[in-house]
Amino acid sequence: MGKDKKTENTDMVLGICSYSREQYPMLLETADDRDALEDTHDEWLESYRKGIIRFRLMGIEPVKVDIDIKELLAYCKEKGLKNNGETRTIYSAELLQQGRGEEIKEHYMFNIEITSDNEILDVLGSIIKGIDIDSFKESAIKAGSPTELSEKWIKDYKIKGPAQDFLYEAALELWRRHLNHVKCPEVLSRFIGDIIHEYEKKDKEKDLNKEFLLDIYKKLEEFYQKLLGEDGSPDKEIFKELCKDSYLDFEYFLVTMPFAFSSHGLIDEAVDIGKWFADISLQPKNFYRDIGVILAESGRKEEALRQVEENLQRFPDDIWVIINAGDAMWALSDLKEAEKFFLKGYEIASEKYDKLGAIERLADLYNEMGLKDKSEEYIQEHERLTRPSSRTQSVESTVEPPMRPPINQTMTQIVKRKGKKIGRNEPCPCGSGKKYKKCCLKKEV
């Protein structure tokens, strides 16, 4: 795009020169300022798009001025001018005055994640004078979070329109790059939120595969590392703060991950994830009991037995630790031990959901053992408990859902928290890909 990317006429209309792919080589051959131009049309087009975005962020809506190179050269010859940035600026201004400017209908997006620091600072500098990385870091730490910093900028510089979104995205991206060592719940929440949305998208498309899951594994490991304190131990306080403030129930998401990985044969990764987040979770037993079952289902008997024993010693009265111990024994083909744990779970169950969990397993187990009469007894009890009635409906409404979702339930259904405030700059929970303030917040208002 070069130095001739913009001009203004007397009505303060700003124009951006536009060159066709076919004529761009002719521009390069005839330009007196060849070194100031991009080497290819694709490079020029990227610069052109960034120019449009930049002006829009400044609250200016530019118009496109199509430049015919043959007509430009004829103009240069007539006026005795060289084909350089200054001439092209004058020529495009005259075309604007003749009404040859066109509205730019394309909605170009600023992909800040692949934009260099210098480019981000260059655009920020058009709004916030004198900003550099050092001054950004100082202001960011003082503000405490990307949202607080961007809102201060918006207030101080009276920013309106698309520039508000850019300021937040710039603050967030520069924080990620240069203040990664500073624990900020907002940044951590955005980090795990991006992982969840990425997983959800693949899950909806039924396109989960080992390669994708291994990439998720690396990101979850990075998230875990971000949750460690200076001494290398888990920072449970910041995890608790994240669980409290995030609109995504990401702990629920994390609990589902070990089984998601093991179902694709990634056993070591499943166990790693379970152990990482068991150490920091508010509900460690949910991770540990699943680890025991996963190890058993994968045939790693000694490890499974050791994990089940540890679980029972640590959480002796937890009904699902007991029931899942039975699941592990069943996976290891020790049906008598499985029966023992299921019966114990059945006996101590006080909630309907817990009772049903034990009954379903006992019915299936006795059927596999060839004890049809016993199996039928539990099947009939299951039917009695699940038969619709005003009373059972009332009981069901008080039952907490299991930490592990039903097989036919999508990730989208299980990670949205009810009653949690959604940040204006967070991705909209409807899955549109837009920010909440640009999507469902408007509908709610």
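Here are some notes:
- Each of Leu312, Leu282 was scored by other Cβ atoms within 10 Å of its Cβ. Listed from fewest to most, they are Leu282, Leu312.
- Cα gyration tensor shape for region 261-367, rounded if a/c is under 1.5, else prolate or oblate: oblate
- Taking a ≥ b ≥ c as the square roots of the eigenvalues of the alpha carbon gyration tensor, region 112-178 is rounded, as a/c is under 1.5.
- Cβ-Cβ FRET estimate between Arg100 and Ile154, R0 fixed at 51 Å, reported to 0.05: 0.90
- Partners for Lys82 among aspartates and glutamates (Cα-Cα distance below 14 Å; same-chain residues under 8 apart left out): Asp4, Glu29, Asp32, Asp33, Glu71
- Pairs beyond 25 Å (Cα-Cα), from Lys204/Lys352; Lys50/Lys105; Lys142/Lys201; Lys226/Lys275; Lys285/Lys344: Lys204/Lys352; Lys142/Lys201
- Cα→Cβ-extended label distance, 7 Å offset, between Glu29 and Asp334, nm: 8.3 nm
- Ellipsoid equivalent to region 23-77 - semi-axes via the Cα gyration tensor, in Å: 24, 14, 9
- Shown for Val308, Val271: other C-beta atoms within 10 Å of each C-beta, ranked fewest to most, produce the order Val271, Val308.
- At an R0 of 22 angstrom, the distance between the Cβ atoms of Glu310 and His264 translates into a FRET efficiency of 0.30.
- Straight-line cross-link partners of Lys206 among the aspartates and glutamates, defined as a Cα under 18 Å from its Cα and at least 8 positions apart when in the same chain: Glu198, Asp215.
- Partner aspartates and glutamates whose Cα lies under 13 Å from the Cα of Lys374, excluding those fewer than 8 positions away in the same chain, are identified as Glu339, Glu360, Asp364.
- Region 2-103 shape via C-alpha gyration tensor axes, a/c threshold 1.5: oblate
- Ranking of Lys129, Lys50 by neighbouring Cβ atoms within 10 Å, starting from the fewest: Lys129, Lys50.
Taken together, the values in this text are just the output of simple stated rules run on the coordinates, not laboratory data. Keep in mind that what you see is a predicted model, and the values were worked out from it rather than measured. Glycine gets a Cβ as well: all are built from the backbone with ideal geometry, and neighbour counts include every protein chain shown.
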